[in-house]
Amino acid sequence: MVRSAAQLIRRQGVSGTGMREIVTEADAPRGSLQHYFPGGKEELVSDALLWMGDVAARRIRRCLSELQSRTPSALLASIVDTWRRDLIDEQFSAGCPLVAAAADTAATSKQLRQVLRRAFDGWIEPLSESLIDLGVPPERSDNLAVVVIAALEGAIILARIRRDLTPFDALVLELGPLLDAVARPTEGRRRASPPSRITPRC
C-alpha cells in the first residue's frame, strides 16, 4: 500500500489520490488500511513519502557504486538517466512524489511538511557524501547536493510539461562541468595538467 500510494501520488498528487484507489492499486483488503494506518490518509502518505526518499537515496548509492568514470559529472549523468527511464516508462505521466506532495500540502499540513523535509534530507545526505567521495570539498558538498536536487526536480517538471527529455540534457551539459570544476583530484582520477605556455620570441 505504501508503494502504491507513492506511485499514485507521482501521477495525481496527494489531493487527487483517494484511499480506496490506493487499496485497489495495491490489491489489498479494505480493512487493512485501518489496521496498518490508524492515522488515516496522512499517515499512509507520510510513510509513502519517506519510502520514496529512501528509494532516491538507494538510487544515488547504486549509481555511485556502478560508476566507471569517478567524476561528479558522471554521477550526475547516471542519476539523471534513472529519471529519464522513469519518465519514458511512465510516458511522462508520473514525476517525483515529493514535489507533487509539496505542491499539494506544504502550505496546509505541518506534519507532511516535516515529513517532506525528512525525505529530502534523506536524499541530500547520501548525495553529499557521494560528492565528497568523488573529490568535492566537504564544505561545499551539502550546498551542491541541494543545487543538484533542486535542478533535477525542475528538470523533471519541465520534461513532463514538454513531454521530452531536453531539460535533462541541459542539466547534465551545464551542471556537470561545474561539479567537476569544484572537485579535487582523487585516487584513480587525475586531472590533466594544463598545457605549458611558450613565450614567443620576437
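Between S65 and A170, 0.36 nm times their residue separation minus their Cα-Cα distance comes to what? List each step's numbers first, then the result.
Details: separation 105, 0.36 × 105 = 37.80 nm, distance 2.45 nm.
Result: 35.4 nm gained on full extension.
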Taking 0.36 nm per intervening residue step and subtracting the Cα-Cα distance, what contour gain separates A181 from I157 on full extension? 5.9 nm
Distance from the stretch 1-53 to the stretch 81-102 (C-alpha centre basis), Å: 18
Rounded to 0.05, the calculated FRET efficiency for the beta carbons of E42 and V147 at R₀ = 41 Å is 0.85
Each label sits 7 Å from Cα toward the beta-carbon; between D81 and H35 the label points are separated, in nm, by 4.2
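Divide by every residue of the chain the summed helix terms, -39500 (n - 2.57) for each DSSP H run of at least 4, and state the resulting mean residue ellipticity at 222 nm, rounded to the nearest 500 deg cm²/dmol. Could you put the intermediate results ahead of the total?
Working: 9 runs with 143 residues, N = 202.
Rounded to the nearest 500, the figure is -23500 deg cm²/dmol.
Please work out whether the stretch 115-167 counts as rounded, prolate or oblate from its C-alpha gyration tensor, where a ≥ b ≥ c are the square roots of the eigenvalues and a/c under 1.5 means rounded, while otherwise a/b larger than b/c means prolate and anything else oblate? Mind showing how you got there, number by number?
Values: a/c = 3.26, a/b = 1.71, b/c = 1.91.
Because a/c hits 1.5 or more and a/b fails to exceed b/c, the stretch 115-167 counts as oblate.
Working out 0.36 nm times the residue gap between E90 and R140, then minus their Cα-Cα distance, what length gain in nm do you get to one decimal? Present the calculation step by step, with values, prior to reporting the outcome.
Details: separation 50, 0.36 × 50 = 18.00 nm, distance 3.45 nm.
Between E90 and R140, full extension yields 14.5 nm more.
Read-outs throughout are calculated quantities, based only on the coordinates presented, and are distinct from any laboratory measurement. The structure displayed is predicted, hence computed values, not measured ones. Neighbour counts run over all protein chains shown; Cβ positions are idealised from the backbone, glycine included.
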